[in-house]
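Since every read-out is calculated from the coordinates, none of them should be taken as a lab result. Since we're looking at a predicted model, the values are computed, not measured. Please note: Cβ atoms are built from the backbone with ideal geometry, for glycine as well, and neighbour counts cover all protein chains shown.
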Amino acid sequence: MNEGRVEAIYLAAAHGETPLEVAVAVAYPGKGLEGDRNFDDPDSCDITLIEAESFDRLQAEHQLELPPAEARRQVLVRGVDLAPFIGHRFQVGEVECEGEERCEPCNHLAKLVGTQVVLKGLLHTGLRANIVKGGRIRTGDSVRALSADRHTA
């Protein structure tokens with residue numbers, strides 16, 4: 001079973017700001033997470049997630065300690081591989097999402113931390129998704145795949 005937990009939630013009120021950790025986020029279909037810089041931005045995806053284990057590996061393999069907020073992904077998850085969610089529906093707390101594509105690290109992040117190693121260390125660990133059904137996401141909530149028959153009606 002591909003199930004994990006929300007370890008942290010990060011929102012940034014404006015572009016360029018380091019995201020701040022929050023205990024609860026409210027998600028809206030087609031809009032995103034309330035209070036985030038990308039909320040209701042038609043050029044942005046609704047929600048981004050990243051695997052917490054990637055930060056552990058970055059530290060162990062490259063001796064680079066990167067606070068997860070600096071990766072600029074909204075939901076930090078642990079214990080779940082996000083890859084199988086691409087093209088499929090999954091649940092984060094009360095929120096139903098559909099995985100869109102990988103959310104890869106960018107050169108902006110490499111400039112912020114001063115090394116290209118971060119690009120390799122976080123490669124294939126993030127996910128962009130659309131919010132299908134809104135609700136609340138809380139730290140500690142489960143993250144799990146939804147059965148295929150749940151959304152084929």
Listing Ser54, Ser142 by rising number of other beta-carbon atoms within 10 angstrom, fewest first, gives Ser142, Ser54
When a footprinting reagent is the concern and you count Cβ atoms within 10 Å, what order do Cys103, Cys97 take, fewest first? Cys103, Cys97
Kirkwood-based Rg over Rh for region 9-61 (C-alpha set), two decimals? 1.05
What is the Cα radius of gyration of region 3-146 over 2.2 N^0.38 Å, N being its residue count? 0.96
Which FRET efficiency value, to the nearest 0.05, is calculated for Thr18 and His88 with the Förster distance at 22 angstrom and r the Cβ-Cβ distance? 0.10
